[in-house]
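Only one structure is covered here, and it is reproduced in the block below.
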Amino acid sequence: MSSVPALPAFRPAGVLGAARKYLRIFRVSLVERLAYRADFLLGTVLRFLPLVTSVLLWSAVYRGSGNDTIEGYTCRQVIAYLLLVHVSRMFSSMPGLASGIAREIREGTVKRYLVQPLDLQAHLLAYRAAHKVAYIVTSVLPYAILFWLMRGYFEWPGEPMVWGAWLASLLLGFLLGYLMEFALGLLGFWFLEISSFLYLVNTVSFFLSGHLMPLDLFGGRMAMFLKELPFQYLAYFPASVILGRESTESMVRGLLVECGWCLAFFVVGRIALRFGLRRFSAFGG
Amino acid sequence: MEGGKDAGIRRGLGSYFRLLGAFGRFSLNREMAFRGNFLMKVLLEVVWLGILLLFFHTIFRNTSRIEGWNEYQYLFFLGCYYALEGLIETLFLENCVEFGELVRTGNLDFFLLKPIDEQFLLSFRHIDWSTAPKILIGGALMGFGLWELAEPVTLARLGGFLVALASGIAMAYSFLLMLASTAIWMVRNQSLMELWWLFSSLMRYPRDIYEEPWAVLIQKVFTFLLPALLVVSVPAEAMVRILEPAILGWTICAGFMMLLASRWVFRKAIRSYRSASS
C-alpha cells in the first residue's frame with residue numbers, strides 16, 4: 001500500500017480537510033435518504049399502533065392493581081416513558097449497521113477502505129449521522145402530533161439543565177449505539193455468517209435497554225443490575241432524565257459513565273478493526 | 001374453462017395430503033442443510049419467550065388481574081397467542097411473502113400450470129420448520145396455565161376452544177392471503193409484512209383491554225370489520241374464562257366469511273394476472 005503514491009486531490013489536508021470530507025459524505029447520504037420520505041411516513045405511522053395497545057395494557061394493569069404507583073411510577077409516567085423511549089431509540093437504533101459491515105467483509109468490498117483515504121469507522125459514522133438526521137426530520141411531524149395528542153400524560157421539567165442533559169444523553173446515545181453496533185459488525189472478520197447472532201443481540205438489547213418497560217419496574221437487584229449495563233443508555237436513561245426522575249448528581253454521573261462506555265467501545269472498535277484487517281484477505285478483482 | 005380444469009384433473013383429497021407431506025419433508029431437508037442456523041432461530045424464539053414471561057411476571061407481581069384475567073389465565077392466553085402465531089408463521093407467512101416475488105419475476109406461471117388447486121399450492125409450498133417449536137412452546141404454556149388453574153376442562157369448553165381456534169387460524173390466514181394477493185395489482189408489496197405485524201399486534205392482548213371510552217371504536221372496528229381482536233381472545237376465553245355463545249358464534253361466522261372473501265380475492269387476482277415475460 002505504501003508503494004502507491006497518494007494523489008494530491010485525495011490527500012487529507014489535516015483535521016479541517018478530514019472534517020470537510022466526512023461532511024460531504026454526510027450531505028450526499030442525506031440527499032439519498034430523503035428520496036424515500038413517503039416510506040418513512042408510513043413506517044412511522046405503523047410504529048405508533050403498538051403504542052395504542054401499550055397504553056391500553058398499562059391502564060388495565062394499574063386499574064387491576066388498585067395502586068396509584070408501581071415502583072414509584074404512576075400510570076401516566078409509564079405511558080410517558082413508553083413514548084419517550086421511542087425518542088431515545090430514534091437516536092440510538094442503528095438498523096442494518098452491523099449486518100452491513102459483516103456483508104462488506106464477507107463480500108470483500110471492505111477492501112476499498114484499504115486503498116481509499118477513508119477510515120471505515122469515521123465514514124460510516126458520517127453516513128449514519130445523515131440517516132439519523134433524515135429520519136428525525138421526517139418523523140418530527142408525526143411525533144409532534146402524537147405528543148400533542150398525548151400531552152395529558154406529560155409533565156415537562158422546567159429546568160433548562162434537564163433539557164440540556166436530555167439532549168446530551170440523546171446525542172451520546174446515538175454515538176454509543178453506533179460504536180456498539182460497529183464493534184459487533186467487525187465480528188464478521190472472524191465469523192462468516194453472523195446475521196442470526198446479530199438478531200439475537202438485538203432482541204436481548206431491546207429488553208436490556210428498557211424499551212419494553214422502565215427498568216425500575218423489575219425491582220430490586222434486577223433493576224440495579226440492568227442499570228449497570230451500557231444498554232440502558234440506548235433507551236432508558238434519556239427517558240428517565242426528561243421524566244425528571246434523575247437527581248442532578250445521578251444525571252451527571254450517568255452522562256460521564258456513558259462517555260466512558262463510548263470511549264470503551266471506540267477503543268474496542270479500533271483494536272478489532274486493526275486486527276481484523278490484518279487477517280482479512282479480499283477476493284476477486 | 002375453470003370448470004373444465006376442475007372436472008378434468010380434480011384429485012381426491014388424498015393427493016392433497018400426500019402433497020402436503022412431501023412439502024413438509026422437502027422443507028425439512030432444506031432446513032436441515034443449515035442446522036446451525038435452525039438452532040439459532042429456535043434459540044431466538046426461546047429467548048423472546050423468556051423476555052415475554054419476565055415481562056408478564058413483573059406485571060403480575062404488582063397486580064393480580066388484568067381486566068379480569070389472572071396470571072394463569074393470562075399465561076394460557078399467551079400460550080394460545082404463541083401457538084397460533086407459530087402455526088401461521090410455519091405454514092403461511094413465508095409463502096405469502098414469496099408470492100409477491102413470484103409475481104414480479106413471472107415465475108407464477110409455473111404454479112398456475114400445475115394440476116392442483118393454485119391456492120393450496122401457493123399457500124403450503126414451503127413449510128418453515130424453524131418456527132414450528134413455537135407451536136409446542138405455546139402448547140406447553142397453555143398446558144401449564146391450565147394445570148395451575150386446576151379447573152376441570154369440560155367437553156363444551158374444549159369444543160368451544162377448538163372451534164374458535166380453527167376460526168382464528170382461518171381469519172389470520174385469510175388476512176395474509178388477501179394481503180399477498182394484492183401483489184398481482186401492485187407488483188411490489190413491501191408493506192405486507194408491516195400490515196401483518198399490525199394485525200398480529202392486535203391479537204397480542206385480550207380484547208377486554210379495549211374497554212376504555214376512547215378505544216371503543218378501535219374495538220368495534222377490529223371485532224366486526226377486520227376481526228383481528230377475536231383471533232386469540234375468543235379461543236382463550238372459551239377455555240379459561242366465560243364461554244359466550246354470541247361471540248363464539250360471531251367468531252365462527254367471521255372465520256367462514258373471511259375464508260370465502262380471501263378465496264374470492266385470490267381467484268380474482270389470479271384471473272387478472274399477466275405474466276412478466278414479453
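The values are calculated or read from the model by the stated rules, or taken from the named source; none is laboratory data. All figures in this text were calculated on a predicted structure; none of them were measured in a lab. So basically every Cβ, Gly included, is an ideal-geometry build from the backbone, and we count neighbours across all protein chains shown. Surface accessibility is based on the protein's heavy atoms, side chains included, excluding ligands, DNA and RNA. Shrake-Rupley method; radii C 1.70, N 1.55, O 1.52, S 1.80 Å.
The figures follow:
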quantity	calculated
Lysine pairs in the protein assembly as shown with Cα atoms under 27 Å, if 8 or more residues apart or on separate chains	8
Separation in nanometres of the label points that stand 7 Å from Cα toward Cβ, at B:ILE116 and B:ARG271	2.5
Two-site label geometry, A:GLU228 and B:GLU98: point separation in nm, points 7 Å out along Cα→Cβ	4.8
Rounded tilt (10° steps) of A:248-279 against the dominant C-alpha axis of chain A	30
Crossing angle, helix A:75-92 versus chain A [Cα axis fit, 0-90 degrees, rounded to tens]	10
B:LYS220 - accessible surface, heavy atoms, 1.4 Å probe, Å² rounded to 10	100
Estimated vicinal HN-Hα couplings, Hz - region A:109-114 in sequence order (Karplus 6.51, -1.76, 1.60; Gly, Pro = x)	5, 5, 5, 5, 6, 7
Averaged over B:52-60, number of beta-carbon atoms from partner chains that fall within 10 Å	4
Counted charge near B:THR131, where neighbours are those whose Cβ lies closer than 13 Å (Asp, Glu -1; Lys, Arg +1)	-4
Rounded to the nearest 20 debye, dipole of the protein assembly as shown from Cβ charges on Lys, Arg, Asp, Glu	1920
Residues in region A:55-99 occluded by at least 30 Å² - accessible area, probe radius 1.4 Å, against chain by itself	A:LEU56, A:LEU57, A:ALA60, A:VAL61, A:ARG63, A:GLY64, A:ILE70
Shape call, the protein assembly as shown: gyration tensor on alpha carbons, a/c limit 1.5	oblate
Test item: B:151-164 mean partner chain Cβ contacts at 10 Å	0
Accessible area that becomes buried as A packs against B, both chains, 1.4 Å probe, Å², nearest 100	2900
Per-residue SASA entry for B:HIS57, accessible area with 1.4 Å probe, Å² rounded to 10	100
Region B:2-271: C-alpha gyration tensor shape, a/c 1.5 cut-off, then a/b vs b/c	prolate
Mean Cβ count within 10 Å, highest first, over the residues of peptides A:258-264, A:244-250	A:258-264, A:244-250
Net charge of neighbours whose Cβ lies under 12 Å from the Cβ of A:PRO157, counting Lys and Arg as +1 and Asp and Glu as -1	-2
Cα-derived Rg to Rh of region A:14-279, Kirkwood definition	0.99
Net charge of neighbours whose Cβ lies under 15 Å from the Cβ of A:LEU179, counting Lys and Arg as +1 and Asp and Glu as -1	0
Mean Kyte hydropathy of 1.6 or more with a Cα span along the axis of at least 30 Å, helices from DSSP in chain B	B:155-181
Portion, in percent, of the accessible area of the protein assembly as shown that falls on carbon or sulfur, probe 1.4 Å	68
Given charges at Cβ of Lys, Arg, Asp, Glu: the protein assembly as shown dipole, positive-most of A:ALA235, B:GLY24, A:LEU125	A:LEU125
Helix-only CD estimate at 222 nm, as mean residue ellipticity for the protein assembly as shown, using -39500 (n - 2.57) per DSSP H run (n ≥ 4)	-23500 deg cm²/dmol
Accessible area of chain B divided out per residue, in Å², using a probe of 1.4 angstrom	49
